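Below: one structure, written as structure tokens.
The values are calculated or read from the model by the stated rules, or taken from the named source; none is laboratory data. If you're wondering where the values come from, they're calculated on a predicted model, not measured in any experiment. Virtual Cβ from ideal backbone geometry, glycine too; neighbours counted across all protein chains shown. Side chains are part of the model used for accessible areas, which takes the heavy atoms of the whole protein and leaves out ligands, DNA and RNA. Shrake-Rupley method; radii C 1.70, N 1.55, O 1.52, S 1.80 Å.
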Amino acid sequence: MSNFKAMTCTIVSLLFLFCLNITIPCCLAYNVVSFGARADGRTDSTSAFLRAWSAACRSTSQPNVYIPRGTFLVRTLNLNGPCKRRIEFRIDGTLVAPVNYNAIGHSEFWIMFYKVSGLNVYGGTINARGHGYWSCRNGGKSCPQGARSIQFMWCNNVLLKGLTSLDSQRVHVGIGYSSNVRVENVKITAPSGSPNTDGIHVQNSRGITIKGSIIKTGDDCISIGPGSMNMWIEQIGCGPGHGISVGSLGSSNNEEGVTNITVTNSVFTKTQNGVRVKSWARPSGGYARNLMFSNLIMRNVGYPILIDQNYCPDNNCPRQNSGVKVSQVTYKNVKGTSSTQQAIKFDCSKSNPCTGIQLLDIKLTHNDRLRRSAVSYCRNARGRRGGTVIPRSCF
């Protein structure tokens, strides 16, 4: 009978809390304000953030590092693991970097999660205030290397959701040497003229999903570097920017390959490229294979479909043959308009021709006042076409 009474009291208590709309916390919160952070946008709160992280990381209860509403000024944050339990990092406010770009520009990263296994990051806004750094770069001055806004290194089982990243000095979101990472519903913004501000860069990682995100930036919306495999990218709004790129590849002789990449159900608007594979024209043991680009809409995009194995953005070109082997690349149901006449361009390596390319149900027209038709260009490329392919395939 006593057990029955205890159970009855518990149920009644829970119903009472529900009626009062009181939330029972699921985890132990570490509010950065309790550790000395100031939400005034001027006071350096770096130490408070690090103390809150350290305490949460040591916790044996399910911990939550909480950044409330307000604006918090922080310098470089190294948020290191491993932690005792899966940890949540929730941003309801805004994190800003110092106005002086040197404060974070000499570090490779502004906010870095290192060797954390089991991590949820919910945002919030981070603003790296990159304008001063870009002015330095564009002015040809001696500048620091610049910082990535948020980086995950050697991390596993990560969710990044709802974050807004503004004006990164360089890459907005970086993922390296990590596995099982999901990026959902992020918004990334930097001016179209901002140098090297890739939206999301992935390298030496596997099991990466990126979906439901809007990326407007000055470089690749998403760049996929060596050692990346088993990636799924969908529902991306890309533009302005340089498109979604595999590469650049072939920077070194001993380089990991890229394989099993899918980009689907996405829209590109006024980007420099659509979906691109790019490699340097020099010897390399790298490769890119099993790539699928499907159900894509191009809106006034330069080079909607591009393989460029003579990649050379700064005119300091190696002028050799690319050793990167590109094979088994499928383009399916890609439609829209191209701002250049070469809507499909395959400029492949003479010593390692592209093989196994498929063009299936493609309709790309040239957005041209002179009414010139779009064309395909192929060099050292082998493949096949299926269904209706416009412009006419050069296979």
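Right, Ser168: among the hydroxyl-bearing types (Ser, Thr, Tyr) and farther than 28 Å from Ala39 by Cα or not?
Judged against the criteria, Ser168 is not a match.
Mind checking whether some residue in the stretch 75-98 is of a type in the set (D, E, K, R), touching a helix residue (DSSP H, G or I) at 6+ places or on another chain (Cβ under 8 Å) and modelled with pLDDT of 95 or more? I'd like the intermediate steps shown before the answer.
Looking only at the stretch 75-98, we keep the residues that are of a type in the set (D, E, K, R), and these are 75, 84-86, 88, 90, 92.
Adding the requirement that they be touching a helix residue (DSSP H, G or I) at 6+ places or on another chain (Cβ under 8 Å) leaves 75, 84.
With the extra rule that they be modelled with pLDDT of 95 or more, the set shrinks to 75, 84.
Checked the stretch 75-98: at least one residue is of a type in the set (D, E, K, R), touching a helix residue (DSSP H, G or I) at 6+ places or on another chain (Cβ under 8 Å) and modelled with pLDDT of 95 or more.
Scan Pro63, Pro68, Pro82, Pro144 and give me the residue that is in contact with an Asp or Glu (Cβ under 9 Å, 6 or more places away or on another chain) and surrounded by fewer than 18 Cβ atoms within 10 Å (Cβ to Cβ). Don't jump to the end; show me each part of the working.
Numbers: Pro63 fails: surrounded by fewer than 18 Cβ atoms within 10 Å (Cβ to Cβ); Pro82 fails: in contact with an Asp or Glu (Cβ under 9 Å, 6 or more places away or on another chain); Pro144 fails: in contact with an Asp or Glu (Cβ under 9 Å, 6 or more places away or on another chain).
Result of the check over Pro63, Pro68, Pro82, Pro144: Pro68.
Among the candidates Trp154, Trp134, which residue alone is open to solvent by 20 Å² or more (accessible area, probe 1.4 Å), modelled with pLDDT of 95 or more and among the hydrophobic types (A, V, I, L, M, F, W, C)? Write out each step before concluding.
Working: Trp134 fails: open to solvent by 20 Å² or more (accessible area, probe 1.4 Å).
Exactly one residue qualifies, and that residue is Trp154.
Could you check the stretch 160-174 and list, in sequence order, the residues that are assigned to a loop (DSSP other than H, G, I, E, B) and among the charged types (D, E, K, R)? It would help to see each step written out before you state the result.
So the first thing to find is which residues in the stretch 160-174 are assigned to a loop (DSSP other than H, G, I, E, B), and the list is 162-163, 167-172.
Result: Asp167, Arg170.
Which ones in the stretch 254-279 are open to solvent by less than 10 Å² (accessible area, probe 1.4 Å), more than 18 Å from Asn321 (Cα to Cα) and in a loop (DSSP other than H, G, I, E, B)?
Hits for the stretch 254-279 are Thr271, Asn273, Gly274.
For a quick check of your reading of the model, give me the residue pairs whose first member lies in the stretch 322-339 and is over 12 Å from Pro353 (Cβ atoms) and in contact (Cβ under 8 Å) with a residue 60 or more places away in the chain, whose second is buried (at least 22 other Cβ atoms within 10 Å of the Cβ) and aliphatic (A, V, I, L, M), with beta-carbon atoms closer than 6 Å and at least 6 apart or on different chains.
Close Cβ pairs (under 6 Å, with a partner that is buried (at least 22 other Cβ atoms within 10 Å of the Cβ) and aliphatic (A, V, I, L, M)) amount to Val334/Leu296; Val334/Ile362; Gly336/Met298.
Just need a number here: residues in the stretch 175-198 that are in a loop (DSSP other than H, G, I, E, B) and among the β-branched types (Val, Ile, Thr).
At the first step, the residues of the stretch 175-198 found to be in a loop (DSSP other than H, G, I, E, B) are 177-178, 185-186, 190-198.
Narrowing the set further to residues that are among the β-branched types (Val, Ile, Thr) leaves 186, 197.
Adding up the residues that qualify gives 2.
Looking at Ser251, Ser228, Ser266, which is the one that is closer than 27 Å to Ser192 by Cα and modelled with pLDDT under 95?
Ser251
Restricting the search to the stretch 87-124, which residues are in a strand (DSSP E or B) and closer than 17 Å to Arg38 by Cβ?
Residues satisfying the conditions are Ile91, Thr94, Leu95, Val96.
Only one residue in Ile222, Ile215, Ile233, Ile210 is open to solvent by less than 30 Å² (accessible area, probe 1.4 Å), under 19 Å from Asn300 (Cβ atoms) and modelled with pLDDT of 95 or more, so which one is that? Spell out the reasoning first.
Values: Ile222 fails: under 19 Å from Asn300 (Cβ atoms); Ile233 fails: under 19 Å from Asn300 (Cβ atoms); Ile210 fails: under 19 Å from Asn300 (Cβ atoms).
Result of the check over Ile222, Ile215, Ile233, Ile210: Ile215.
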